[in-house]
Amino acid sequence: MTAPRISQRPHVGIELWRIALPVLWFGMIAAISFIEAPLKFQAPGITIPLGLGIGRLVFAALNVAEGLVLLALTLISFWPLAARISGARMWIWLALAAVYVGKITLVRPPLNARTDQVLEGADPGQSIWHYVYIGCDVATMILLAFAAAGAAGALLPRREPSAKGGARRR
């Protein structure tokens, strides 16, 4: 028996979105957090206050975009009911949501307060919060890789036991 073509399998479109959204989110974090943020301080004429002001705007926009992607991922994870994600994939979604909410509610406020101090001319010294934010981004990227891989795995043909006790692809 031949394997069904991907277009004939149920919920393929949903699984493709479940791959695309994590990949998009992963790319946004990679581009902003790990490329734009460090490079902007190397541009000629950029001062620390100017870089922080730009960073605040860029990261606020990134966090809004992340929230929208998380919302879309939430909708396609739980709807339609017949195509809901598995338990293992639900844990990944829950961890993504928890890291995002934690980043927005626990990490961003002290970073914003520190930025306010620098913009007012103070020198608040070193802060661990930048490293915590980076840790949140790294954790998010790892979870997104697992989310995309889980969705891709759901598109693969399932194995069924053969008469000789092994498994064969259908």
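Restricting to helices (runs of 4 or more DSSP H) lying wholly in the range 1-111: which have 2 or more residues that are at pLDDT below 95 and over 23 Å from Ala152 (Cα atoms)?
The qualifying helices (runs of 4 or more DSSP H) are 37-40, 48-78.
Take the residues in the range 112-142 that are part of a loop (DSSP other than H, G, I, E, B) and in contact with a helix residue (DSSP H, G or I) (Cβ under 6 Å, 6 or more places away or on another chain), then tell me which one is least open to solvent (accessible area, probe 1.4 Å).
In this case the residue turns out to be Ser127.
Quick one: would you say Ala113 is in contact with a Leu (Cβ under 9 Å, 6 or more places away or on another chain) and of a type outside the set (Asp, Glu)?
Considered against the rule, which asks whether it is in contact with a Leu (Cβ under 9 Å, 6 or more places away or on another chain) and of a type outside the set (Asp, Glu), Ala113 comes out as no.
Restricting to the range 27-52, give me the number of residues that are at negative phi, more than 23 Å from the chain's Cα centre (by Cα) and loosely packed, with under 15 Cβ neighbours inside 10 Å.
Going through the range 27-52 one residue at a time, the tally reaches 9.
Is it the case that the range 56-74 has a residue that's over 30 Å from Glu15 (Cα atoms) and touching a residue at least 40 places away in the same chain (Cβ under 8 Å)?
Yes; the residues of the range 56-74 include at least one that is over 30 Å from Glu15 (Cα atoms) and touching a residue at least 40 places away in the same chain (Cβ under 8 Å).
The values are calculated or read from the model by the stated rules, or taken from the named source; none is laboratory data. Bear in mind that the values here come from a model prediction, so they are computed numbers and not experimental data. Note that we place each Cβ from the backbone using ideal geometry, even for glycine, and neighbour counts take in every protein chain shown. The accessibility values were calculated without ligands, DNA or RNA, using every heavy atom of the protein model including side chains. Shrake-Rupley method; radii C 1.70, N 1.55, O 1.52, S 1.80 Å.
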